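First up is the structure itself, then whatever we jot down about it.
The values are calculated or read from the model by the stated rules, or taken from the named source; none is laboratory data. What you see is a predicted model, and the numbers here were worked out from it, not measured in a lab. Cβ coordinates were reconstructed from backbone atoms using ideal geometry, including for glycine residues, and neighbour counts include every protein chain displayed.
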Amino acid sequence: MTTGLWMGGIDEAALDRLSLVTQMTKHIRVRASGGKNSAAELGQFSPIFVWLLRDFYLDLTDEDNRKITPRDYLELALRSVQGKQKDIDAKNQIRESIRALFPDRECFTLVRPLNNENDLQRLDQISLDKLRPEFQRELNALITFVLERTKPKQVGATMMTGPVLIGITESYLDALNHGAVPTISSSWQSVEEAECRRAYDSATEVYMASFDRSKPP
């Protein structure tokens, strides 16, 4: 799960901080061949993206003043903007890239936990049940989502073990350190082959150890 933490609402400055996302297709590939990958292709391998807004102060309503959810608020912020300014294309590219790279996305808001400024200075000394009820409610919603939606990292239908995750991470880093573009399919194939060799060696060792060499065949 990937989490973006921002103070306040989602504005143009907040979206601009995610501009690096628009470069993802240049720095990682799905396949070794087949040309440039699209953001949508990479999106198949992306984790859940959670945008968490701290100290949220806005009323969650749309243009018609109707109540909306935090998820609706995120989707409205990611809509393409209209206009003729020179930077409109760049703004929309950021939005399009986020939508494509993170098809599974969610937004949560947290109001200020306390209204009193002096109490905020000693927040670590105040018990949870003394915090604002709306903060507790929003925090519980976030915790429930994380517990229910967090799952082991996987590629396709295969769950990653610790050694597999280390192996694929090392493969990515090795490619980057040599000036190459990491390829998901090639890295995964290399890790699979290494795990098969390890399993074979381990099974062979156990098999050979099962023989009592003190007895003739």
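To keep it simple, each residue is scored yes or no on (1) under 18 Å from Q154 (Cβ atoms); (2) loosely packed, with under 13 Cβ neighbours inside 10 Å; (3) out of contact with any Pro (no Cβ under 9 Å at 6 or more places or on another chain).
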{"position": "Y172", "(1), (2), (3)": "yes, no, no"}
{"position": "W188", "(1), (2), (3)": "yes, no, yes"}
{"position": "A199", "(1), (2), (3)": "no, yes, yes"}
{"position": "A203", "(1), (2), (3)": "no, yes, yes"}
{"position": "Y207", "(1), (2), (3)": "no, yes, yes"}
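Being over 28 Å from F49 (Cα atoms), more than 21 Å from the chain's Cα centre (by Cα) and outside the structural domain of L20 (by TED's automatic domain parsing) is a condition met by at least one residue of the range 106-115.
Restricting the range 63-86 to residues that are acidic (D, E) and more than 18 Å from L15 (Cβ to Cβ), the residue that is farthest from the chain's Cα centre (by Cα) is D64. The residue that is nearest to F45 (Cα to Cα), counting only those in the range 162-187 that are assigned to a loop (DSSP other than H, G, I, E, B) and touching a residue at least 40 places away in the same chain (Cβ under 8 Å), is P182. Across the range 109-131, the qualifying residues are those that are among the β-branched types (V, I, T) and at pLDDT 90 or above, and the one among them that is farthest from R71 (Cα to Cα) is V111. Got at least one residue in the range 83-92 being among the hydrophobic types (A, V, I, L, M, F, W, C) and in contact with a Lys or Arg (Cβ under 6 Å, 6 or more places away or on another chain)? Looking for residues that are among the hydrophobic types (A, V, I, L, M, F, W, C) and in contact with a Lys or Arg (Cβ under 6 Å, 6 or more places away or on another chain), one finds none in the range 83-92, hence no.
One line per residue, one yes/no per condition, for (1) in a loop (DSSP other than H, G, I, E, B); (2) farther than 16 Å from I184 by Cβ; (3) at pLDDT below 85:
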| site | (1), (2), (3) |
| --- | --- |
| G4 | no, yes, yes |
| G34 | yes, no, yes |
| N37 | yes, no, yes |
| L42 | no, no, yes |
| E75 | no, yes, no |
| Q82 | yes, yes, no |
| A90 | no, yes, yes |
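Taken over the range 126-161, residues that are among the charged types (D, E, K, R) and either farther than 16 Å from P47 by Cα or assigned by TED's automatic domain parsing to the domain that holds A194 (or both) amount to 6.
Considering E96, E134, E106, the condition of being at pLDDT below 90 and acidic (D, E) is satisfied by E96 alone. The set of residues in the range 134-152 being part of a helix (DSSP H, G or I) and over 20 Å from F56 (Cα atoms) consists of L147, E148, R149.
Within the range 95-133, the residues that satisfy the criterion of being exposed (fewer than 14 other Cβ atoms within 10 Å of the Cβ) and assigned to a helix (DSSP H, G or I) are E117, N118, L120, Q121, L123, D124, Q125, L128, D129, K130, P133. Kindly indicate the residue of the range 45-94 that is touching a helix residue (DSSP H, G or I) at 6+ places or on another chain (Cβ under 8 Å) and among the charged types (D, E, K, R) and also surrounded by the most Cβ atoms within 10 Å (Cβ to Cβ) among those meeting that condition. Residue satisfying both the conditions and the ranking: K91.
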